[in-house]
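What follows is a short report on a single structure.
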Amino acid sequence: MAKKNNPLYAVTNKGKDIEEVSGYVDLLITKLGLNPILEFFEELIDFLLKQISSYASFVAMKEFLDDLVSKLDLLFSQVDPVWASFFPSAIESFFGKEKNESGS
């Protein structure tokens, strides 16, 4: 694995723990301690997907996931202006260059 020029580090546990992170989103997740919550949601969705045995359960799961994605999209649209003011380079890496060039 090639060594990064400027790796990001997340300092947690009042400076006792330092770990390298892959990007600004990972930094934010680690700094806020959201890893256990994300792992829980991953396991929950994986469990629910394994329970699909009919078309009706597929439709219910699709509606649930669509609702979840729409709420996350709303959250990101509200956070985007704040995110852009603090981490302008993160906008390019997370949303793509065209998002930052459009002025949003």
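The values are calculated or read from the model by the stated rules, or taken from the named source; none is laboratory data. From a predicted model like this one, the values you see are computed outputs, not experimental measurements. As a convention, Cβ positions derive from the backbone with ideal geometry for all residues, glycine included, and neighbour counts pool all protein chains shown.
Spot the failing condition for LEU48; the list is (1) hydrophobic (A, V, I, L, M, F, W, C); (2) part of a helix (DSSP H, G or I); (3) without any contact (Cβ under 8 Å) to a residue 12 or more places away in the chain, and only one is missed.
(3)
Looking only at the range 63-95, how many residues end up being at pLDDT 85 or above and either touching a strand residue (DSSP E or B) at 6+ places or on another chain (Cβ under 8 Å) or not aliphatic (A, V, I, L, M) (or both)?
6
Give me the residue from the range 51-76 that is assigned to a helix (DSSP H, G or I) and hydroxyl-bearing (Ser, Thr, Tyr) and, out of that set, surrounded by the most Cβ atoms within 10 Å (Cβ to Cβ).
By that ranking, first place goes to SER57.
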